[in-house]
Amino acid sequence: RAGLLEGKKVQIDEDEALKLLGEVSELDPKNSAPFLYAAIIEDRRGNHERSEELVSQAQNSEMFDSYITTISKTIFSQVKTPSDLLHAYGLWSTLAIPD
C-alpha cells in the first residue's frame, strides 16, 4: 500500500500502509524494517519530523527483516518432487520485493 514494492503494482493507500506497518512493528518490535518503511512514507508526505522519529526508533532496534527470506524458505521447505519445485519457483517468482 506504500508503493514500495518492486515488480508489483498495488493501489497506493499510505494511511493503510502506515496502519499495517504499525501493526507489524507491534508484533515484531525488534525489527527496524517497519520503522524504516514508515519513515520513507512520512518523509515522502513532507512529515520530516515524524520521519526522523521513526528512523531513530529503527536505530534502536536489533535487526532488519523484510521477511523475504522467511517466506522463501517456507515455500521451498514444502518441495518433495521435481513438480513441487516447479510450482515453488512459480509461486516464488511472483513475490513482491520491497524496493
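The values are calculated or read from the model by the stated rules, or taken from the named source; none is laboratory data. All values reported here derive from a predicted model rather than from experimental measurement. For neighbour counting, all protein chains shown are included, and Cβ atoms are generated from backbone atoms with ideal geometry for every residue, glycine included.
So here's what we get for this one:
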read-out: Residue check, residue 65 out of contact with any Pro (no Cβ under 7 Å at 6 or more places or on another chain), at pLDDT below 95 and under 18 Å from residue 18 (Cβ atoms); value: no
read-out: Residue within the range 82-96 that is closer than 18 Å to residue 21 by Cβ and either within 17 Å of the chain's Cα centre (by Cα) or part of a loop (DSSP other than H, G, I, E, B) (or both) present; value: yes
read-out: Breaking point among (1) in contact with a strand residue (DSSP E or B) (Cβ under 8 Å, 6 or more places away or on another chain); (2) closer than 17 Å to residue 96 by Cβ, for residue 71; value: (1)
